[in-house]
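Read through the structure below, which is laid out as structure tokens, and then see the notes.
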Amino acid sequence: MQPCVFSIQSLLWVSSCCCWRLFELNMYSPPVDLSFKNLSNVAGALAELPRSLLRPLTTNSKGKYLSCSLRLSNNSLTDLVGLQYTINHFFAQPSKLGWLDLSFNKIVCIEPVLCELKELRVLYLHGNSIWNLSEVDKLRELQHLHTITLHGNLIETSKGYRNYVISVLPQLKTMDFSGVTRDERVMADIWRSHGTKKTPRSLSVSAE
């Protein structure tokens, strides 16, 4: 019987597949739920314990959560200062965060820290106070982002709101809990060609 010999490339491929499988499993694990904690700033979450869920969270040997999802909804956050530190504090694999719920806060702009979350797939921002539609442009860097919510912000009343967002984020599959249709992609292509070269004033709404 001949010994089984694996090439370095084969071992790297197997390792990569195992890591991706672990990421997928963690994506469907319960979120670290810090909603309804009356937080006025993200750093305040460090003193809190995640809410208990029907499906319990699991941790590694260091007590970090084996999850890729974070819920910070229904608080009073106005900015995201300290978000990356908080993610590092709670998660075993902070760079793998793929699902983030910031809905029903008081956020007024999309901060650069969100664009540092390179594996982000799902982002909930509905029910906030974002008033300038061009803020969405900052999310172009998130190549894996396929689901977003922005309804309930002032930008929802902007002319061409949905077309604009889909044109800026053409990889979206779902927006505001509604699937992106083929016709909307066609319209977004047209909008991208003619309407987003310069963001018109109508795309921002006075915050006053």
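Restricting attention to the range 49-80, the residues being surrounded by 12 or more Cβ atoms within 10 Å (Cβ to Cβ) and without any contact (Cβ under 8 Å) to a residue 40 or more places away in the chain number 15. For residues that are under 18 Å from the mean Cα position of the chain (by Cα) and not in a loop (DSSP other than H, G, I, E, B), scanning just the range 174-194, find the one that is surrounded by the most Cβ atoms within 10 Å (Cβ to Cβ). By that ranking, first place goes to 175. All of (1) of a type in the set (Gly, Ala, Ser); (2) assigned to a helix (DSSP H, G or I); (3) without any contact (Cβ under 8 Å) to a residue 24 or more places away in the chain; (4) open to solvent by 40 Å² or more (accessible area, probe 1.4 Å) hold for residue 44 with one exception: (4).
The values are calculated or read from the model by the stated rules, or taken from the named source; none is laboratory data. Here the structure is a predicted model, which is why all the values come from computation and not from measurement. Ideal geometry is used to build each Cβ from the backbone, glycine not excepted, and the neighbour counts take in all protein chains shown. Areas reflect the complete protein model, heavy atoms only, side chains present, ligands, DNA and RNA absent. Shrake-Rupley method; radii C 1.70, N 1.55, O 1.52, S 1.80 Å.
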